[in-house]
Each structure stands twice: as structure tokens, then as C-alpha cells.
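Below: the structure, in C-alpha cells.
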Amino acid sequence: MKTYVVPGGTTGMGRGLARHFLRRGDQVTIIGSDPAKGRRFLDEAARAGAGDQAAFLQADLTSVAENVRVIKEITARHDALDGLVLTAMRHFPGRVVTPDGFEATFALYYVSRMLLSYGLTGLLEKGANPMIVSVCGVGVTKGRIDWDDLSLKHGFGRIKAVLQGGRATDLLGVAYAANHPDGRTRFLLHHPGFTDSGTDSLGQPAKVVLKVLARFFAQPVEKSIEPIIELMDDPPGRGLLAYDRRAPVDPSLPTLDPDDAPPVRADRPPAAVTLSTPRSGPC
């Protein structure tokens, strides 16, 4: 039995991966903000005879304090982890600023993933074949990080916010690998392609438009998670792995430039780690 933590495991690809792990007999903790969705997951696990393998933590992962609480609870529950699968992402109707001062998309897409990755590394290093998986847009070169305005006070746009979060998440993987050169934990950046993972966080008319597009062009969740499962079960290397579905992503892409990856000080606790200005300036 392996042990996995899946932030965003109540919907979409996170839920699909969590269900896969349960079916093969693994232990899974999902994290999400909606208690009703968490209860549905637990009920489904119980009906399948896997109730004692499933757990749900309710948390608002846009909050630094909530991420720190989750890290503490998981550390108290487990001696080791085999995988941290980062899938939590949602679309906000406009510019939302968290109590910590982050733009909400950035807080969920980058800050939460950074805190959980570094905060749970100690448990992951004790796992049999540990891996962090970040489901993201690696390989996409559109968008940039506005290093002088990370909260996007000036010129906010929903697509701009998502692309900025994606570019920051790319650099999270690069920085993590650089900061753990001797670590056992691999970091997989994975672009699943267009996936029909639900539209719960969208408003109208975007919800209708995406449903129509998904019907004709998107892969089902079950298909999109197959390459991730393969890479987790049989990793092709160590350190940083970057894949677009089953194809390796060119590590020389400017969005994966190690000189742009924010440094992390080993003497600072996860809650205090923030995105720093890169050595080479804006990307």
C-alpha cells in the first residue's frame, strides 16, 4: 500500500487520480474546499470497500495559514508519503486578493503548490519511490510573470492571471529540483492537454462555451490521467521531469530557465517562503 496526498482531489483530474489510487489498494488523502464533494468521495470509497483507505481534509488552499495547517495535519497522520499530486486550480470571476495579499489565482496555482511541496518533502523523502506531480501547462510559452506586480493590480485579466500562475509553477519545478540535488523525490511537471475536468468554478457564459468545446475536443479525465500514472509507476529519470502528455518537454525552453527560478532559503520555514525576484529579471 502506497500513500498519496491529492490537493484538488474532489473534482476533475485530481478526483480521477485519487479514485485510481484507491482502486489499486493505496491510501489517499484528498484536499478541497467543498465539504459536500469531500463527503461524496468518502461515501464512494466506502461503497467500494475502501473507506479505511480514504481521507478528506477541508481547506481553502488560497490561504497560507490553511496550507500550513494541512502540512501539520498530514505530518501528524503519516510517517511517509509516496506521492503529492498537485491538481488544485479554479477560475475566479475577477481579481480577488487573499488575506495574505496574493492574487487568488497565483495563491492557488503557485503559492499553495510551493508550500505543500517544500512542507511535505520530509515525508516524501521517506517514501519508497516518491514523486511530486504538478498538473500544469508546462511546454506552453505564452504568458509571463509580472515580477513588479505579482498581484496584478494593474491590467488584471483572468487569462493573464492563469498564464502567470502557470509560468510560476514551471519555475517551481525547476527551483525544487535545483534545491534538492541529492533528494530522492522527483518533481513532475505535467501538461495533460485539453481535458473535460468540469466547469464548476466558471460563470456564464464561459461555462456553456467550455462545455461545448469539451464535448467535441477535450479528452475525458480517465484518458488524461493515463500518462501521469505511467510516469509515476515507472519514472524515466530523477530530479525534474517535464512532460506534455507522453512527450518530454524541451528543458531548454525559456519558461524552464534555471536562472529565472526563484531561490529558496533552506533556513526559512515553508510559511515564510515567498517568490523572489529572479537573478536574470522578468521572464
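The values are calculated or read from the model by the stated rules, or taken from the named source; none is laboratory data. Note that the structure is predicted; figures quoted are calculated from it, not measured. Heads up, the Cβs are rebuilt from the backbone with ideal geometry, glycines too, and the neighbour counts pull from every protein chain shown.
If a residue has to be assigned to a helix (DSSP H, G or I) and surrounded by 14 or more Cβ atoms within 10 Å (Cβ to Cβ) to count, how many in segment 52-68 make the cut?
Number of matching residues: 5.
Which one of ARG144, ARG90, ARG95 is of a type outside the set (Val, Ile, Thr), assigned to a loop (DSSP other than H, G, I, E, B) and touching a Pro at 6+ places or on another chain (Cβ under 7 Å)?
Result: ARG144 is the single residue among ARG144, ARG90, ARG95 that is of a type outside the set (Val, Ile, Thr), assigned to a loop (DSSP other than H, G, I, E, B) and touching a Pro at 6+ places or on another chain (Cβ under 7 Å).
Test each condition in (1) at pLDDT 95 or above; (2) part of a loop (DSSP other than H, G, I, E, B) for PRO227 and report the one that comes out false.
(2) is the only condition that PRO227 fails.
Might you check whether a residue that is in contact (Cβ under 8 Å) with a residue 40 or more places away in the chain, over 30 Å from PRO181 (Cβ atoms) and part of a loop (DSSP other than H, G, I, E, B) occurs anywhere in segment 155-170?
yes
Collect the residues in segment 116-146 that are surrounded by 16 or more Cβ atoms within 10 Å (Cβ to Cβ) and of a type in the set (A, V, I, L, M, F, W, C), keeping them in residue-number order.
Result: LEU116, LEU120, LEU123, LEU124, MET131, ILE132, VAL133, VAL135, CYS136, VAL138, VAL140, ILE145.
Condition check: within 20 Å of THR11 (Cα to Cα), basic (Lys, Arg) and touching a residue at least 60 places away in the same chain (Cβ under 8 Å). Does ARG95 satisfy that?
no
Test ALA177 against the criterion of being within 18 Å of the chain's Cα centre (by Cα), in a helix (DSSP H, G or I) and surrounded by fewer than 23 Cβ atoms within 10 Å (Cβ to Cβ), and give yes or no.
Taking the combined requirement at face value, the residue satisfies it.
State whether one or more residues within segment 106-126 are closer than 18 Å to THR185 by Cα and acidic (Asp, Glu).
yes
Out of GLY25, GLY32, GLY16, GLY83, I need the residue that is at pLDDT 95 or above and surrounded by fewer than 16 Cβ atoms within 10 Å (Cβ to Cβ). Which one?
GLY25
Looking only at segment 180-220, which residues are among the charged types (D, E, K, R), surrounded by fewer than 18 Cβ atoms within 10 Å (Cβ to Cβ) and either within 22 Å of the chain's Cα centre (by Cα) or at pLDDT below 80 (or both)?
ARG184, ASP200, LYS207, LYS211, ARG215
Which of (1) surrounded by fewer than 23 Cβ atoms within 10 Å (Cβ to Cβ); (2) touching a residue at least 40 places away in the same chain (Cβ under 8 Å); (3) in a loop (DSSP other than H, G, I, E, B) does ILE71 not meet, given it meets every other one?
Every condition holds for ILE71 apart from (3).
If you check ALA36, ALA59, which single one turns out to be touching a residue at least 12 places away in the same chain (Cβ under 8 Å) and within 30 Å of VAL96 (Cα to Cα)?
Just one listed residue meets the conditions, ALA59.
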